[in-house]
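Notes follow once the structure below has been shown.
The values are calculated or read from the model by the stated rules, or taken from the named source; none is laboratory data. This is a predicted model, so every value here is computed, not measured. Every residue, glycine among them, receives a Cβ derived from its backbone with ideal geometry; neighbour counts consider all protein chains shown. Surface areas here come from the heavy atoms of the whole protein model, side chains and all, with no ligands, DNA or RNA. Shrake-Rupley method; radii C 1.70, N 1.55, O 1.52, S 1.80 Å.
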Amino acid sequence: MTLAAIETRIAAACVAAGRPRQAVTLVAVSKEQPEEKVAAVLDSGWRIYGENRVQEAEGRWAARRAALRGLELHLIGPLQTNKLARALDLFDAVHSLDRDSLATRLARAVQARGACPTLFVQVNLAAEPQKAGVRPEDLDAFVDACRRTLDLPIFGLMCIPPVEDEPGPHFARLAELAARLDLAGLSMGMSDDFETAIAHGATHIRVGSAIFGSRQAAG
Ligand SMILES: *Cc1c(COP(=O)(O)O)cnc(C)c1O
């Protein structure tokens, strides 16, 4: 699909949900995509991209960062603390704040820099053992510690529902958790389910293969 076709679907989902189009940010997930496809979407004027690895993102975006006005980069994959400084150099938003040790290190780095990326706490809604994220039962304490102890501004919550489940109920639950914590941001919805996510209040949808095609093998 082209970016224009995705845009049409987003606009229709917003109308159906009674939400303004500006309420939803499309993050075009360029991870593991060939350079010529990303270049084509860039040429069309799109400026908001998501990557899941710091190193791969540096290779693709570090040089462009200076040259491209309005470029906005979102880290959507796990962040190792030893790559924290490099991530903060490159990314405007981090969707994967998922543990205490990262929050502590992030708070220190943010204080030293005097600037903080837009932060989403990743929630492991179904408590899947192989998946990163704060468990729902630990979320209140985690967000509270970020806000009060660490002085880290949390913008929203992020989730990746279990692949075998209907996503709707998971999106509804994330929205409920965010509302209870008074958080405005909801990063949820990917290629297969972004319309459902918009219906449940997503503010950021992360769409890769529907825009760029299926990914190359991870390298
Ligand atoms: C890869 C990835 C996406 C994009 O997935 P698609 O199904 O290609 O849209 C979204 N979110 C995260 C966290 C990802 O790792």
Filter region 172-183 for residues that are surrounded by 19 or more Cβ atoms within 10 Å (Cβ to Cβ) and within 17 Å of A127 (Cβ to Cβ); which is nearest to the ligand (Cβ to nearest atom)?
-> L174
Output the residues belonging to region 184-201 that are closer than 18 Å to L75 by Cβ, touching a helix residue (DSSP H, G or I) at 6+ places or on another chain (Cβ under 7 Å) and more than 10 Å from the ligand (Cβ to nearest atom).
-> L186
Hits in region 26-72 (condition: free of Cβ contacts under 8 Å to residues at least 40 places away in the same chain, out of contact with any strand residue (DSSP E or B) (no Cβ under 8 Å at 6 or more places or on another chain) and charged (D, E, K, R)) = E35, E36, D43, R53, E56, E58, R64, R69
Criterion (touching a residue at least 24 places away in the same chain (Cβ under 8 Å) and within 24 Å of A199 (Cα to Cα)) met by exactly one of P169, P161, P153 = P161
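Restricting to region 185-206, give me the number of residues that are surrounded by fewer than 24 Cβ atoms within 10 Å (Cβ to Cβ) and among the β-branched types (V, I, T).
So the answer is 2.
Based on what the data block shows, is T203 within 20 Å of P153 (Cβ to Cβ), among the polar types (S, T, N, Q) and in contact (Cβ under 8 Å) with a residue 12 or more places away in the chain?
For T203, the condition - within 20 Å of P153 (Cβ to Cβ), among the polar types (S, T, N, Q) and in contact (Cβ under 8 Å) with a residue 12 or more places away in the chain - is met.
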Between residues in region 73-102 that are among the charged types (D, E, K, R) and residues that are open to solvent by 60 Å² or more (accessible area, probe 1.4 Å), which pairs lie under 8 Å by C-beta distance while being six or more apart or on different chains?
-> K83/Q55; D92/E72; D98/P78
Is there a residue being closer than 17 Å to L183 by Cα and either more than 16 Å from the ligand (Cβ to nearest atom) or touching a Pro at 6+ places or on another chain (Cβ under 8 Å) (or both) anywhere in region 104-116?
-> yes
Can you tell me which of S214, S209 is surrounded by 13 or more Cβ atoms within 10 Å (Cβ to Cβ) and either more than 18 Å from the chain's Cα centre (by Cα) or within 16 Å of the ligand (Cβ to nearest atom) (or both)?
-> S209
Is it the case that some residue within region 32-54 is of a type in the set (K, R) and within 25 Å of H200 (Cβ to Cβ)?
-> no
Subset of region 148-171 that is surrounded by 14 or more Cβ atoms within 10 Å (Cβ to Cβ) and in a helix (DSSP H, G or I) - its residue that is farthest from the ligand (Cβ to nearest atom) | G168
Matching residues, region 1-22, being within 16 Å of the ligand (Cβ to nearest atom) and either assigned to a strand (DSSP E or B) or open to solvent by 20 Å² or more (accessible area, probe 1.4 Å) (or both) = M1, T2, L3, A5, E7, R9
